[in-house]
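Structure first, commentary second.
The values are calculated or read from the model by the stated rules, or taken from the named source; none is laboratory data. None of the values given here were measured: they were computed from a predicted structure. Cβ coordinates were reconstructed from backbone atoms using ideal geometry, including for glycine residues, and neighbour counts include every protein chain displayed. SASA here: full protein model, heavy atoms, side chains in, ligands and nucleic acids out. Shrake-Rupley method; radii C 1.70, N 1.55, O 1.52, S 1.80 Å.
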Amino acid sequence: MKSTIDTPLLFIGYMGAGKTTIGQALADKYQCSFIDLDEYIETVTQKSIPQIFEEEGETGFRQYEYLCLQQALKTYDMIATGGGILTHDETYQFIKDTQVKAIWVDAPIESLYERVKDDTHRPNANKKSFESLKHLYSKRISRYNEIAFIKISSATSLSETLNEIKIKLFANDQY
């Protein structure tokens, strides 16, 4: 069985889905380089995500996200993105055009809500109602679905999720 993964891989999905946890674990398992795009943005800008949202709005943040994604794809094998990365049309089109393999990490909206509802580091989630976050999730689903080359659930244990990714990645390799 093949033991290396065709990279780069992009982990997409809603806030709190587990993109960073899963991406880091998969990178460790296959000795690949990994970065969380939000952390990369904070390093490049020397500002926190909430600070960027406060000073430059979501539009300013999405522009940093677009530029940093382009840089990260040249350096890292696996990249966990922010939940709203596909809402920026330029980034969405860039990902489609470059045909980067995207893994959609998903979980039931109730689980996602519980994971992010009081997270002060997530400007689009902090102190928002369940209905508000569910509406935002609903608006993003079609783009996740269109970009993803595989979809996995993070509602199971990490080892089960990693095994599901391995099966799907290597099954897709045979065609």
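Quick one: how many residues across the stretch 81-110 are open to solvent by less than 40 Å² (accessible area, probe 1.4 Å), closer than 18 Å to GLN63 by Cβ, of a type outside the set (A, V, I, L, M, F, W, C) and not in a loop (DSSP other than H, G, I, E, B)?
Result for the stretch 81-110: 2.
Only one of (1) open to solvent by less than 20 Å² (accessible area, probe 1.4 Å); (2) touching a Lys or Arg at 6+ places or on another chain (Cβ under 8 Å) is not met by TYR113, so which one is it?
The number of the failed condition is (1).
So for the stretch 149-161 (the condition being surrounded by fewer than 18 Cβ atoms within 10 Å (Cβ to Cβ), touching a helix residue (DSSP H, G or I) at 6+ places or on another chain (Cβ under 7 Å) and β-branched (Val, Ile, Thr)), does at least one residue qualify?
Scanning the stretch 149-161 turns up at least one residue that is surrounded by fewer than 18 Cβ atoms within 10 Å (Cβ to Cβ), touching a helix residue (DSSP H, G or I) at 6+ places or on another chain (Cβ under 7 Å) and β-branched (Val, Ile, Thr).
Condition check ((1) open to solvent by less than 30 Å² (accessible area, probe 1.4 Å); (2) touching a strand residue (DSSP E or B) at 6+ places or on another chain (Cβ under 7 Å)) across all residues:
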site: THR7; (1), (2): no, yes
site: ILE12; (1), (2): yes, yes
site: ALA25; (1), (2): yes, no
site: GLN31; (1), (2): no, no
site: GLU39; (1), (2): no, no
site: LYS47; (1), (2): no, no
site: GLY57; (1), (2): yes, no
site: PHE61; (1), (2): yes, no
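Need the failing condition index for SER138 against (1) among the small types (Gly, Ala, Ser); (2) closer than 22 Å to LYS168 by Cβ; (3) at pLDDT below 90, just the number.
Answer for SER138: the failing condition is (2).
Can you tell me which residue among THR59, THR20 is closer than 26 Å to SER111 by Cα and polar (S, T, N, Q)?
The unique qualifying residue is THR20.
Going through the stretch 48-76 one residue at a time, which ones are at pLDDT 95 or above and assigned to a loop (DSSP other than H, G, I, E, B)?
Of everything in the stretch 48-76, just one residue is at pLDDT 95 or above and assigned to a loop (DSSP other than H, G, I, E, B), namely TYR76.
Could you grab me the full set of residues in the stretch 150-166 that are of a type in the set (A, V, I, L, M, F, W, C) and either at pLDDT 90 or above or assigned to a helix (DSSP H, G or I) (or both)?
Matches in the stretch 150-166: ILE150, ILE152, LEU158, LEU162, ILE165.
Restricting the stretch 34-47 to residues that are in a helix (DSSP H, G or I) and touching a residue at least 24 places away in the same chain (Cβ under 8 Å), which is nearest to ASP6 (Cα to Cα)?
LEU37
Looking at the structure I just gave you, is GLN70 within 21 Å of LEU9 (Cβ to Cβ) and more than 13 Å from the chain's Cα centre (by Cα)?
yes
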